[in-house]
1. At 1.4 Å probe size, with every protein chain present, just tell me what the per residue accessible area of segment 250-301 comes to in Å².
2. Using a 1.4 angstrom probe on the protein heavy atoms only, line up Thr398, Thr383 by accessible area, largest first.
3. Label 7 Å along Cα→Cβ of Arg194; segment 76-117 residues with amide nitrogen under 18 Å?
4. What whole-number distance in Å separates the alpha-carbon centres of segment 265-282 and segment 78-94?
5. On each of the three principal axes of the Cα atoms of segment 285-390, give max minus min coordinate, whole Å, ordered largest first.
6. Roughly how large, in nm² to one decimal, is the mean projection of the convex hull of the alpha-carbon atoms in segment 40-92?
7. Quick query: amide H of Arg46 versus all other amide H atoms, modeled in the peptide plane; which residues come in under 5 Å with a sequence gap of 5 or more or a different chain?
8. Are there any GluC sites (Glu not before Pro) in segment 291-373 that are in a DSSP loop and have at most 16 other Cβ atoms within 10 Å? List them by number.
Amino acid sequence: MTGTCPVSGAAQSLPEYPMARAAECPLAPFPAAEQLRAEQPVSRVRIWNGSTPWLITRHADQRALLTDPRMSDDDLNPGFPYVNQHRAAVAPVSPRMITNTDAPEHTRLRRSVNAPFVVKRIEAMREPIQQMVDRLIDEMLVGPKPADLLTAIALPVPSLVIAQLLGVPYEQHEFFQKFAGTVLDSSASPEEIREVSGKMSAYLKNLLDEKIADPADDVMSEMGGKVKAGEMTHTEAVHMSTAMLIAGHETTATMISLGTLALFQHPDQLAILRETDDPKVIGGAVDELLRYLSIVQTGVRRVAKEDVEVGGVLIRAGEGLIFDLHAANWDPETYPEADRLDIGRPARNHQAFGYGPHQCLGQNLARLELQVVYGTLYRRIPTLRLAADISDLEFDHTGTTYGVKSLPVTW
């Protein structure tokens with residue numbers, strides 16, 4: 001992990017996407033995507049249904065296209081490259097949300113929930129999150145060794161935070177985590193997803209009704225106020241709450257555990273975080289780890305509404321595109337020695353949160369949570385180390401993100 005991961009095998013004329021990870025480099029991009037970026041950065045790939053969308057692997061090309069109004073995020077447009085069969089089946093009956101609409105509808109929906117995620121309001125949560133992280137570390141230190149960092153720290157932090165922000169009882173966190181894990185699992189059946197989605201929608205519908213009747217200081221109450229004012233529908237508020245619950249804990253939990261694993265594999269970088277409380281250093285480390293890991297493995301997906309040329313290749317209207325974020329984040333034209341983890345590297349312009357009008361709404365909250373965890377955990381437990389060989393860890397590649405099923409640590 002401290003050197004360059006090999007790119008093995010010649011790129012196929014139509015490789016399958018998603019691609020296989022190299023067993024010896026589980027935190028690196030798909031080797032085939034790396035090779036395509038070097039040899040054919042705008043190229044055709046084949047996905048599950050036999051269609052052949054374009055794979056975009058260069059950082060600059062992704063930035064140009066993700067801000068191009070000729071690109072559509074509306075998954076009802078013909079040619080949209082669905083992640084799997086289930087997503088294709090449910091798209092026609094899925095609610096229109098910020099994740100599957102274009103302007104002006106996307107703009108309206110995003111504005112309706114943007115206020116809680118602005119930097120000033122998120123920064124006000126730093127001290128409560130710090131207290132939460134310190135308490136969880138205290139509990140882990142008096143517990144058995146080895147401990148599973150995923151269940152002791154990585155999952156509770158974002159679950160507690162998003163529950164508090166939204167105004168949902170944390171006591172339901174196992175229900176939320178099971179729901180998120182199922183809907184993001186590419187191996188889950190449509191029946192399983194419909195069942196957990198129905199239960200979640202019913203739960204949040206009732207909770208929203210309670211917030212409308214008796215509002216509190218939380219996001220669901222704010223959305224309830226917008227429902228009463230006619231600024232969004234009841235259904236939109238329920239589905240927005242659902243999306244926030246999924247995005248609010250799954251990705252950050254993965255980054256906490258994988259970020260720690262990456263630092264274990266780079267002890268010189270871990271030593272820097274163990275010895276500093278400088279917010280700039282910690283903030284830079286968060287962005288470099290986001291760049292290095294990316295974690296989204298199914299790619300950002302779009303369909304062209306009009307003909308557009310990129311990298312000397314003409315993409316025609318109606319053709320799908322997949323943006324491999326990890327390949328872009330390891331693009332040597334943007335990040336020299338991109339395979340090297342360097343927390344002193346300026347990496348703020350990484351693609352881990354996507355880019356353009358659909359860039360992750362919760363990125364400020366995710367950064368704050370990661371800053372607090374990375375800035376506290378290794379200083380408070382300076383002897384923290386992996387309690388297993390990396391080859392014995394079980395990685396989960398079934399969801400939108402990749403991660404470890406557990407991360408045993410000791411000290």
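1. Accessible area per residue: 29 Å².
2. My answer, sorted largest first, is Thr383, Thr398.
3. Within reach of a label on Arg194, which here means backbone N under 18 Å from a point 7 Å along Cα→Cβ, segment 76-117 contributes 84-95.
4. 42 Å
5. 55, 29, 28 Å, listed from the longest principal axis down.
6. Average projection, Cα convex hull of segment 40-92: 4.1 nm².
7. Those lying under 5 Å, H to H, from Arg46 are Glu16, Tyr17.
8. Listed in order of number, the matching sites are Glu306, Glu333, Glu337.
The values are calculated or read from the model by the stated rules, or taken from the named source; none is laboratory data. Here the structure is a predicted model, which means the values were calculated and not measured. All Cβ positions, even for glycine, are placed from backbone atoms using ideal geometry, and neighbour counts span all protein chains on display. Just so you know, the surface numbers come from the protein's heavy atoms only, side chains and all, with ligands and any DNA or RNA stripped out. Shrake-Rupley method; radii C 1.70, N 1.55, O 1.52, S 1.80 Å.
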